[in-house]
Amino acid sequence: QVQLVESGGGLVQAGGSLRLSCAASGRTQSNNFMGWFRQAPGKEREFVTGISGSGGRSYFADSVKGRFTISRDNAKNTVYLQMNSLKPEDTAVYYCAARPYYSSSYIQYDYWGQGTRVTVSS
């Protein structure tokens, strides 16, 4: 089992920044692909970004390209999501998730955190 715990959410004004963290514990594997998803009220969970086990490859949804970055520190078993130039439409609960390989489909992920809420005010 892998346990994932997100942190760093909060309330921020449009144009501001937040950094989310996802700490992994349990049977962690540094080669796991780590994804960030978000779910706004009444909407389906959507892929935001993800990073390969080595950190060498990353993927982004078009809606966040150029504004969000993802990184990981395998020594700390932690993945980071840096969110800049935030917009009200970024408001959602953000989840990190793990699986062996890249996928943008949330149904294919094996492990999930409990989520952290991000609210962007206009």
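The values are calculated or read from the model by the stated rules, or taken from the named source; none is laboratory data. Everything numeric in this text was worked out from a predicted model, so none of it was measured. All Cβ positions, even for glycine, are placed from backbone atoms using ideal geometry, and neighbour counts span all protein chains on display. Heads up: the accessible areas ignore ligands, DNA and RNA and are worked out on the full protein's heavy atoms, side chains in. Shrake-Rupley method; radii C 1.70, N 1.55, O 1.52, S 1.80 Å.
See the values below:
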read-out	value
Exposed-loop-free span, longest in the chain, where trypsin sites (Lys or Arg not before Pro) count as exposed if DSSP calls them loop and at most 16 other C-beta atoms lie within 10 Å	77-122
Straight-distance crosslink candidates among lysines, where the alpha carbon sits under 28 Å from K76 and sequence neighbours closer than 8 are dropped	K65
Where GluC sites (Glu not before Pro) fall in DSSP loop in the stretch 38-122, at most 11 other Cβ within 10 Å	E44
Chymotrypsin sites (Phe, Trp or Tyr not before Pro) within the stretch 1-63: DSSP coil, no more than 13 neighbouring Cβ in 10 Å	none
Heavy-atom accessible area ranking, 1.4 Å probe, most first, across D90, D110, D73	D110, D73, D90
Largest to smallest principal axis extent of the C-alpha atoms in the stretch 32-114, angstrom	33, 26, 21
Local electrostatic count, N31, Cβ distance below 15 Å [Lys/Arg +1, Asp/Glu -1]	+2
Straight-distance crosslink candidates among aspartates and glutamates, where the alpha carbon sits under 18 Å from K43 and sequence neighbours closer than 8 are dropped	D62, E89, D90
Bridge type composition, the stretch 5-122 - antiparallel percent by DSSP, nearest 5	90 percent
Relative contact order computed over the chain (Cα-Cα under 8 Å; 6+ residues apart), in percent	36 percent
Point-to-point label distance, Q114-R27, nm (Cα→Cβ direction, 7 Å offset)	2.3 nm
Set of aspartates and glutamates with alpha-carbon distance to K87 below 12 Å, sequence-local pairs under 8 removed	none
